[in-house]
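Step one of this worksheet: look at the structure below.
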Amino acid sequence: MSEVPAARVIALLGVRGGTLAVAESLTGGLIGARLTEVPGASAVFVGGVISYATGLKERLLGVPAALLAREGAVHPEVASAMASGVRDLCGAEYGLAVTGVAGPEPQDGRPVGTVHIAVSGPSGISRVDTVFNGSREHIRNATVEVAFDLLARVLQGNAGEQSG
C-alpha cells in the first residue's frame, strides 16, 4: 500500500482544475478532515456526506433501496453508487466514496476489515475492493490512504476497476 498524502490529491485536482466531493461511511469524516488540513483545499474540495447510517446512503446519495436490501451497505456496488451520488449531490467533477466494516463485529455478513472504495469521475467509476487486518483505527486509516491512492491514480489516468 503506497501512501498518497492529502496534499498530493489537492495538488493533482488543482492542476486538472477539478473538484471533489466525498461520501464517507466507515471513515466517519477522516477523509474530509485530512483534505481540509491542506492549505488551499477550498479551491478543489467542495464537501461531502458522512453517511454512517444505511438509510442515509439511500436518502442522500441515491443508493438504490433494492441494492441495500439485497446486499447491505458493505458492497462494491454500494461504494460505486455512493461515489456517483455524492458527485451529483455536490456538483463536483469527482466523487470519492468509502464503505466497509471497521469492527469490532462483522456487518451484513462481511468480515471486519472488508472495505470498498470508489471514485466516480468523467471517465466512469474506478474501484478498489480489499480486506485490511488490524485494529479499528488501522482499518480506518488504511482506508483513507488507499482512497487517496485510488483518487491520485484516477487523476493521473492510471486507474481502472480492480480489487486488491
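Residues whose amide H lies under 5 Å from that of F45, counting only those 5 or more places away or on a different chain, are L20; hydrogens are built 1.01 Å from N in the peptide plane. Each residue in T143, T99 was given a count of other beta-carbon atoms within 10 angstrom of its own, and listing them fewest first yields T143, T99. When +1 charges are put on Lys and Arg Cβ atoms and -1 charges on Asp and Glu Cβ atoms, the dipole computed for the chain relative to its Cα centre reaches about 160 debye.
Values in this text are rule-based calculations from the coordinates and carry no lab data. Quick caveat: nothing in here was measured; it's all calculated off a predicted structure. For neighbour counting, all protein chains shown are included, and Cβ atoms are generated from backbone atoms with ideal geometry for every residue, glycine included.
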